[in-house]
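Data first, discussion second: the structure below is written as structure tokens.
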Amino acid sequence: MIIRKSKGLHGQVQVPGDKSISHRSVMFGSIAKGKTEIHHYLQGADCLSTISCFRSMGIDIDNQGDIVVVHGKGLRGLKRPEGVLDCGNSGTTTRLISGILAAQNFDVVLTGDESIQKRPMKRIMEPLTLMGAHIHSLKDNGCAPLEITGGPLRGITYTSKVASAQVKSAILLAGLYAEGATKVTEPYLSRNHSEIMLKYFGADVSSEGTTAILHPGREPEGRLVSVPGDISSAAYLICAGLMVPNSEILLHHVGINPTRAGILKVCRAMGADITLMNEQSDSGEPTADILVRSSLLHGTVMEGALIPTLIDELPMLAAMACFAEGETIIRDAAELKVKESNRIQVMVRNLAAMGADVTETEDGMIIRGGRPLHGAVIHSCLDHRIAMTFAVAGLCAEGETKITGGECVKISYPGFYEDLMRLAK
Ligand code: S3P
């Protein structure tokens, strides 16, 4: 992919459906009783991996493009897949599905691509084992391939070391099948889509601060789910609109759940001109249209409870900080090291290649903004969020920016370059 400097972004976009909510709608729909109709389902490779896993466990899923219909068979309706379950590049598929598989009356092997086989799975193996599950890392390295032998589970009260929605959701899903209540407490509140959707499907879920509580016994029922636009995909366009002078763009119907919308807070703290309009709600999830105008930005600090609310947006925010006056500090973000790539290292290297003044730290980075960036060869490391971040940075850099492996954007935003180029025309 080759990107050149832009003179301004103009127009309107409907970003694709939310990745987290799309995954959950197919998973919960598969183990619910009856039909789940999903509108604006994300047709990204990760969410297609989730569909294919549930199809191979006997669930009839009709993917009509924007609409997906899942014919759920209830909590006990899955059957043993013929072969290994392939989760592709998707951490959400791997971790959430493990919570469901832990309770089945069959055994299964779960794996994925090279990146997924490096990502830490002990964080779900430990609590699921406490619930009575048998999970074995076949290479004994705490990563996939995982062999899961399902069986009867008991509810647990668990305190997670990491603020991770994937960990929380895996435990809650196992809790649906367990004897007794399940409670998960996390250091900071992570995205709460599972709690919202499980409740919407009729399960007995509640939240108290950073604790989610599930009482088993109420079998989820199929529902109509309308998936909002993904704020993590909108993030690239929001930042592009702010960074490229003479821009004004409107993004329609984007999810603004507060556990996901940290990017809006940070952009505003940096001086961004962002207006929310037409606020509504979709299947329990708040949405809005987002109007963005180019802005003069200044540095900020991102830390603590804010981090889980913008974890996937940190690469883009780090790049934007290069165009802000003064210093930006990102800390408490060690989780970035165990995403699709080591996003601290990959960001620092690629930003430095473009001439940015950036220092890597143990749990984040420090960016001194205001230095002009120049085009460079960017190594995406096949990480979709890195590729999209540098496509946007390239719009503000002198000369050409070349992104290797840029097609990996298909993981979460298949039409990304088309949308960006249409705005940048
Ligand atoms: C996700 C949770 C986050 C996020 C990922 C999607 C989810 O991961 O980075 O892209 O859908 O639950 P963690 O829960 O591991 O932080």
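Just a few scattered comments:
- Computed over the stretch 371-421: relative contact order in percent, which uses C-alpha pairs under 8 Å that are six or more apart: 43 percent
- Full-extension gain in nm, Arg331 to Asp62, via 0.36 nm per residue minus C-alpha separation: 92.5 nm
- Considering only Ile196, Gly155, Gln166, the residue lying farthest towards the positive end of the dipole of the stretch 150-205 is Gln166, judged by Cα position with unit charges set on Cβ.
- Test item: Cα-centred dipole of the stretch 131-264, Lys/Arg +1 and Asp/Glu -1 on Cβ, debye: 140 debye
- Long-range amide H partners of Arg191 with built H, under 5 Å: Ala165
- Accessible area per residue for the chain, computed on protein heavy atoms with a 1.4 Å probe, is 36 Å².
- Estimated [θ] at 222 nm from DSSP helical runs (n ≥ 4, -39500 (n - 2.57)) normalised by residues in the chain, nearest 500: -8500 deg cm²/dmol
- Whole-Hz Karplus values for the stretch 176-184 come out as 4, 9, 8, 8, x, 6, 10, 10, 10 Hz, taken residue by residue from phi with 6.51 cos²θ - 1.76 cosθ + 1.60 and θ = phi - 60°; glycine and proline positions read x.
- The phi-based Karplus calculation (6.51 cos²θ - 1.76 cosθ + 1.60; θ = phi - 60°) puts the 3J(HN,Hα) values of the stretch 206-215 at 9, 9, 10, x, 9, 10, 10, 10, 10, 9 Hz, whole numbers, x for Gly and Pro.
- Cut-off 15 Å between beta-carbons: net charge of the residues surrounding Lys168, Lys and Arg +1, Asp and Glu -1: +3
- Global geometry of the stretch 1-65, whether rounded, prolate or oblate, following the gyration tensor of its Cα atoms and the 1.5 cut on a/c: prolate
- Rh by Kirkwood over Cα pairs, then Stokes-Einstein D for the chain at 1.002 mPa s and 20 °C, µm²/s: 99 µm²/s
- Taking the accessible area of the chain, probe 1.4 Å, and keeping the other protein chains in place, the carbon and sulfur fraction comes to 52%.
- Residue pairs, from the table Lys19/Lys337; Lys139/Lys410; Lys79/Lys168, whose Cα atoms sit over 23 Å apart: Lys139/Lys410; Lys79/Lys168
- With θ taken as phi - 60° and the Karplus curve 6.51 cos²θ - 1.76 cosθ + 1.60 applied, the whole-hertz 3J(HN,Hα) list for the stretch 131-147 is 7, x, 7, 10, 10, 10, 7, 4, 9, 6, 10, x, 10, 5, x, 10, 9 Hz, x standing for glycine and proline.
- Look at the alpha carbon pairs under 8 Å that are at least 6 residues apart: their mean separation over the length of the chain gives a relative contact order of 18 percent.
- Rounded to the nearest 20 debye, the dipole size of the stretch 189-336 about its Cα centre is 80 debye, using +1 on the Cβ of Lys and Arg and -1 on the Cβ of Asp and Glu.
- For Glu325, nonlocal amide neighbours, meaning residues 5 or more places apart or on other chains whose placed amide H falls under 5 Å from its own, are Leu297, His298, Gly299.
- Its Cα gyration tensor gives the stretch 62-163 an equivalent ellipsoid; the semi-axes, largest first and in whole Å, are 22, 18, 14.
- Cα shape, the stretch 317-415, gyration tensor, a/c 1.5 rule: oblate
The values are calculated or read from the model by the stated rules, or taken from the named source; none is laboratory data. Keep in mind that this is a model prediction, so the values were computed, not measured. Heads up, the Cβs are rebuilt from the backbone with ideal geometry, glycines too, and the neighbour counts pull from every protein chain shown. Surface areas here come from the heavy atoms of the whole protein model, side chains and all, with no ligands, DNA or RNA. Shrake-Rupley method; radii C 1.70, N 1.55, O 1.52, S 1.80 Å.
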